[in-house]
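This report refers to the structure that appears directly beneath it.
The values are calculated or read from the model by the stated rules, or taken from the named source; none is laboratory data. Values in this document were obtained by computation on a predicted structure and should not be read as measured data. Counting neighbours? That spans all protein chains shown, and the Cβs are built from the backbone with ideal geometry, glycine included. All accessible areas refer to the heavy atoms of the entire protein, side chains included, with ligands and DNA or RNA removed. Shrake-Rupley method; radii C 1.70, N 1.55, O 1.52, S 1.80 Å.
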Amino acid sequence: MDEANVLEFLTSLEAMELPDQIEEVNAKILDKIVEEQEFVAVLFYKNECRRCVKALQELENVDDDADQLGIAFVKINDPELADEYSLGALPALVYYRRRIPVVYDGDLMNEDKVLEWLVENKNTGDDDDVIDDVTLGLLNTLIDSLDHLAVIFYDRDESDDTQILQELENIDDELDSHGIHIVKIADEVAAREYGIENTPSLVYFENEMAVAALRRIPSLYDGDLRNEEEVLAWLIEQLQTDEIEDVTDEMLDKLIREANHLAVLFYDEDDQESQLVVNELENIDDECDAKGVSFVKIDNDDEAKEYGIDNLPTLVYFEKGVPSVYSGNLLAEDEVLDWLVHQVEDDEIEDVTDEMLDRLIDRSENLAVLFYDKDSRRSKKVLAELENIDDECDSRGILFVKIDNYEEAKEYGIDTIPTLVYFESEIPYIYEGDLMKEEEVLEWLIHHMEHEEIADVTDEMLDKLIANEPFLAVLFYDKDDAEDHEVLAELESIDDDCEQAGVPFVKIDNDAEAKEYGIEELPTLVYFENRIPSIYEGDLSNEQEVLAWLLQQKNTDTIEEVTDEILDDLIANFEYVAVYFSGKCEEGQKCDKILDELENIDDDTDEHGMHFVTTEETSLAHEHGVKSFPALVLFRNGEPVIYKGDISDEDAVLRWLTDDDTLEIPNQIEEVNKRMLERILNTSENVAVYFYAENDKKSRKILTELENIDDECDDIGIDFVKISDDGIAEEYDIVSLPALVYFRNRFPQIYEGDLKDEEALLEWLIDNKDKGPASIIEEVDGKMLQSLVDGFEYLVVYFYDDNCPTCETVLAELETIDDETDEVGIQFVKTNDVDVAEDLGITHLPALVYFEGGVPSIYDGDIQAEEEVLEWLIKQRHEDTIENINRQMLYTLIDTQDYLAVYFFNEENDECPKVLRVLEKIDDEAAEYGIQMVKMNDRLMAKKYGFRNPPGLVYFRKAKHIKYDGDLYDDEDVLDWLTAPENMELNDAIEKVNRKMFERIKQTTDYLAVFFYAEEGCKQCQKVLAELENIDDEADANGIDFVKIDDPQLAKEVGVYALPAIVFYRAASEEPIIYAGGDMKNEENLLSWLLTEKDPTADFIEDMEGAALQRVIRDSDAIAVYFYDLAACGCKETEPETEKKKKKRKGKAEDPGETNTEDSSCESCKQVLEELENIDDDTDRIGVSFVKTQDTKVAERYGVMSLPALLYFEHQVPTVYEGDLLAEEDVLQWLTLQKTEDTIETINRNMLEVMLEDTQYLAVFFYKPNCRACDTVLAELENIDDECDLYGIHMVKIQDAQLAKRYGIKTLPALIYFRNGNPLIFDDNILDEDLIVNWLTDDDNRELEGGIEEINGAMLHLILARTPLMAVLFTNEDDCPDCEQVLQELENIDDEVDMFGIDFVKINDPEAAQRFNILHTPALVYFRKKTPLVYDGDLLDEEKVFKWLTSQDVFEIKDEIEEVNRKMLEKLLDENDFVAVYFYEDNAKSEEVLQELEKIDDETDDLDITFVKIRDTRYAKKYGIQKLPALVYFRRRFPSIYRGDLMVEEEVLDWLQKNRFKHPELNLFMYATGAITFAFIMYTLFLIFCFRNPAHQKAA
């Protein structure tokens, strides 16, 4: 048999096709169909979706029409694939035209529209050369699935782009013929993702290998897109030539993230050596592909420098993001190939450079680094050992690299090589064990990955951490001191909490480092915030106090206490340090009260860029001339200034500290930091700023020259400062250092002259200042403009072009209103940067754009009427106006704004201005909720978003839009709609809100979870947020709204002092509940906590009774039921549940006064209940539900006579707990044992009676105590308990000899099988467990008289495997009103169907129904040798069902001789003239003959002979057949036995053919004989009646 062809057939669309039904497929089959079929329509749907079911019903009406049009129609239930396509809400329809998908955005309930759309798109695909438009989600899918794909990134608003697209559509067919698919996309996000900066751009993606690592290899076309012939030639060349693809830096970053094996050549296109290397390496590109290595090249010096590459060309290999640099000869291509193959195939630890290492430490959560010396024998041995655990580290998510760089090792304080360092979120841990024992190393790495510990660091590591971490806790200790270890053990318990709060915790054993900070006694805890240390003065053994102090330091602005050594370091490293020298100061003294007052201005000094500290030490104070204490000193660049005023007056102190005279240092340019520079720019009109690098000699020389003009600048009113903060130059768009920038009213101008010529510089500064506030609109470039838009709240920009004839005239007019705009606080600038104008969608110049808070508004009036312009600007500034935007601005705002409301209007419509005035009333209020409102006069865009005739309002939430259908004149209704939580809600994302939104949501929501976080300065926040996104939908499904908010002040108001944090609000409770359950990244625990807080009663054992209790026992897989009776215990009344909850919450015992009033039995009852409630949560964790009941009737039903009692039910099978109920740990252990181990439950007589009523299939093992044989058998039966459960057979044991006798059992042990209460005794070897399983699942033993048996999914699978003919009724107890009636009708034909050899069962299993594509219940499926056929008639008509089940058409299986029984054979003989019957028995000879006869089954069908087989020896004897196998041919029920050799199938077929068509002469003879016989009879009758004598003559 050709299995490949069989598989091809089985997975083909023809084989799966069902009449009048859309076929169900999976992802793999869908890929195959899309590959093979030109046109495919796919309905994506999901389970339990009413809309999906309705849409499916409608679309099945057009399935046949689609087939006739040549469009294959299938459906798929695959949410992951739907997400991959970014389809959003389901159902969704995707149409593939030659593998290119198009999404239907119309109404799926309108089948005619759907069919019309399919036809239109088919015609488009057939006739027109149209390049399909795709979304980002579809693009990523196409890149993954297509071998060759060309993508045009374009801007739909650019006419040039449209023209180029039209040209390229001419080559669409040629590309198709070469197997290259071409699509287009207009999506800025997609363009940015692939590093496309200019549109249109063409990128070719190649995916030739079926290797996960070789996906998405892009190549950028750098020719002229207008020349379609060149484009076509380039694409074909890409297809045919082995070329290493060129990529952008963004493409490279994407490939490094996603490719398992990637080779990157960093090269210089203009370098001759690089070109030679490229030519050589292109010879091995195919071999690399074959080995699963993607090969790309990049010409980008900056990107190379990021990886520490200074010399080009250089080859770097990345394995799962980890780089290795090739150090050999790049022109020796074979050696390069061998090296790459070696990297792929061998478990080798990658070698990295120092820059690569820094990058990996910054980006990796778990990183192991081996510092080694490649020339050291010891290093080589260690490396060889550690190579053995590289794969295990990879599998656990630990990246493993090595570095041969002693200088880098010294930076981390590593003197001994080799040394292993593990970095967890940048925190280093040094391995101190034996590196030759790789198993111990691996164990150590896994331990650190799974457990949080305080890392031990070197002094160099500590310096790095202090410099890089904004918050850091450091314990200075002595590892040889036992007391220090005790303290350390206590502090380890708060390490996780500190990590969660964003405060990394490390320890260091280094006396010299401790002394640098003035620490004399160990252990000591120091907290660093932005490099400023603060020493903990409390008890280190009290870890909770330590944690509280650390959190207070992080979340509140306190004046840090320092030592003299720390202070000396601060003065040397920071520009402005304010020091409160208190002297010796006890709590409550005046000096202490002054400190409290000064705490009030700590925030203000921080904002001015000053560090405020305090110290009780006086040595340093005396050195700087401080004689009396307390005293306040400001150190300006190391120079002290002593405050002479009243220190207790904090306002006066603040004024003095921030006064320019205090801050200014005579004859010196003041050093400022970022915050102070910002303050100076905000307060001074004229500021000269010298940007420089601190350790640069050139910068220092220039600074010496500039000091000479500092005083002159002061004299003319220019503040002169210098700054060397890291990253500050980039913030102000300064390309190279040193640089001087002059700011006038914050407008920057960079000095282009020689900085060493101080006279020329001074003259330039004076000239710029003298221009003063004259009516001149300042000129800015594009970069500066973006900085101004970000920096100014109110800004107006005049865009012009140097070649524009009217621009100068307009500018002259606008210059006249420059002063007026300044007066109202609007900054006015001009720019001739046409690119910036185009980015804003401005195509006609000149143009005027007003920015408020970064949001643009275009002036659409007469730009030359300056008075009207001024009036419009003032109105925009002071009134509640909605900004006017264009199309490009809309796209930008949709991408950048979380919440955007767009009012579409039409100037010709009189209604629009009226509606606008209404909406402007709510503009400010909407802004308070974080909703940006804009207006737009664009009919096409309005139509796109659903408004053919504006006005209309569209609301965008993270780019997803909804339309407002209410009354636009009702401003309150519009505001309510915009701010309604359900409208602000986003799918699959936690909504970001501000304070105003939060207050509104809190008022309207019953249950609210709030995630407090910080977008900046909180490393943990983003990690926790990523985990929380996974439970957002589950929380929402349980009625809990989830939002996030970045508002530290609000967090403090609700009691949150450490971020991130989660707070839960319940409508009925005034106080919020703060999550204190540990790891916030454990989403399961967090969700459980939220659900518990939503319903606190869930923490207690739920009380149930009656039908509800019985229902929960029936529906639960595992449940423990505590039966008790407080009244029987002598308790006067039941304690209210609320009191119990309070007690459990507080953890308090009952008041002894209360218990004394009740007797000991009552106390015992209550005590048992309280003990069991302590393990309620634990039972939940092991999957056992726990309920309690005082329902004595249910207790009696299960044979429980004495209370209290505990019963455990597993699949309704009860087991009694016989231990001490007060021993809660024993109870928990017993429940855990019952749940996790394969134990057969013990029951009593009452329980058995209940189970016989409720359980369809029940196996009962009868045994007696002290019986060794019973124990042996029981041990065997335990092995098959789970298997029986799987088939829906419950197995229990009972110790009841009297009951055993009732069933005729004389000796124990024994096994009885009850089917609906009917007993059947097992009389074979009870020690053979396989024999017992087969006996229990045997069809004859399983079947019940007078009823359709109920089975489960596993039993169905088992029966299908061994039963050729089977009818299955699929039901649904939860949602099927007709099932019961249908079942009653079909019960009437169960016995008759059984007589025909058809096994009839029923099943209530949604998963099984889904497996066989059953969407609606009840449904009847007929399985013939596992092949299903669904009955589509009336299930209430049992006669029709019976006829259908026993009809030959349904019964026949193609290419196979069907098995029948006596009844079926009789029916076939009655209904068919020609039947061939193969009588056989179960032996090898019969099987051989059967295989031969199967070969002629099709030929007998062609002869209209029904061919069947029957295994029934007694029935064969009825036809005189004594020897089997045998073949009998029935011609109109007359049998003929075949006497030849059954193994020769050709002779058998020839015999059947002869019997089917008898000889014609024989037939004529028979007819002639019959005719003569008939004539003779007629003649005889004629003689008798015609020649008889008359009666009267005889009388005469």
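Quick look at the numbers
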| quantity | calculated |
| --- | --- |
| Residues of type lysines that LYS1166 reaches as a straight line, Cα spacing below 25 Å, ignoring anything fewer than 8 places off in the same chain | LYS1132, LYS1140, LYS1141, LYS1142, LYS1143, LYS1144, LYS1146, LYS1148, LYS1188, LYS1193 |
| Probe 1.4 Å, accessible area per residue of segment 895-939, Å² | 46 |
| Diffusion coefficient, µm² s⁻¹, Stokes-Einstein with Kirkwood Rh over alpha-carbon pairs of segment 467-592 at 25 °C and 0.890 mPa s | 159 |
| Under the span-like rule (Cα at least 30 Å along the axis, Kyte-Doolittle mean at least -1.0), DSSP H helices of the chain | 1560-1586 |
| Stokes-Einstein D for segment 22-123, Kirkwood Rh over Cα pairs, 20 °C, 1.002 mPa s (µm²/s) | 160 |
| Gyration tensor verdict on segment 1374-1417 (Cα atoms; rounded if a/c is under 1.5, prolate if a/b is larger than b/c, oblate otherwise) | oblate |
| Cα shape, segment 1184-1243, gyration tensor, a/c 1.5 rule | oblate |
| Segment 1412-1514 - Rg (one decimal) and Dmax (whole number), Cα, Å | 15.6, 46 |
| Tensor-based shape of segment 413-522 (alpha-carbon gyration tensor, a/c under 1.5 rounded, otherwise prolate or oblate) | rounded |
| Estimated [θ] at 222 nm from DSSP helical runs (n ≥ 4, -39500 (n - 2.57)) normalised by residues in the chain, nearest 500 | -12000 deg cm²/dmol |
| Accessible surface, per residue, of segment 1174-1299 when the full set of protein chains is kept, probe 1.4 Å, Å² | 44 |
| Accessible carbon and sulfur surface of the chain relative to its total accessible area, %, 1.4 Å | 44 |
| Accessible surface, per residue, of segment 327-421 when the full set of protein chains is kept, probe 1.4 Å, Å² | 47 |
| Debye log10 I(q)/I(0) at q = 0.15, 0.16 Å⁻¹ for segment 1259-1336, Cα point scatterers | -0.47, -0.54 |
| Set LYS1485/LYS1518; LYS305/LYS380; LYS113/LYS944 screened for pairs whose C-alpha atoms are more than 24 Å apart | LYS305/LYS380 |
| Loop sites in segment 744-849: GluC sites (Glu not before Pro), DSSP, at most 16 other Cβ within 10 Å | GLU752, GLU793 |
| Given charges at beta-carbon only (K, R positive; D, E negative), |dipole| of segment 259-300 in Debye | 320 |
| Area of THR806 that stays accessible when all protein chains are in place (1.4 Å probe, Å², to 10) | 70 |
| Most to least packed among 573-585, 680-692 [average Cβ atoms within 10 Å] | 573-585, 680-692 |
| Cα-based reach from LYS644 at 26 Å (exclusive), listing lysines while leaving out same-chain residues under 8 positions away | LYS584, LYS590, LYS593, LYS627 |
| GluC sites (Glu not before Pro) restricted to DSSP loop in segment 1326-1357 with at most 11 other C-beta within 10 Å | GLU1345 |
| DSSP-defined antiparallel bridges as percent of all bridges, segment 635-770, nearest 5 | 65 |
| Summed residue charge, Cβ within 13 Å of GLU1249's Cβ, Lys/Arg positive, Asp/Glu negative | -1 |
| Within segment 440-536, percent of DSSP bridges classed antiparallel, to nearest 5 | 60 |
| Counting DSSP beta bridges with both ends in the chain, the antiparallel % (nearest 5) | 60 |
| Sparse-neighbourhood loop sites, trypsin sites (Lys or Arg not before Pro) in segment 399-486 - DSSP loop, at most 14 other Cβ within 10 angstrom | LYS437, LYS479 |
| Theoretical FRET efficiency, 1/(1+(r/R0)^6), r = Cβ-Cβ of ASP1006 and LYS958, R0 22 Å, to 0.05 | 0.35 |
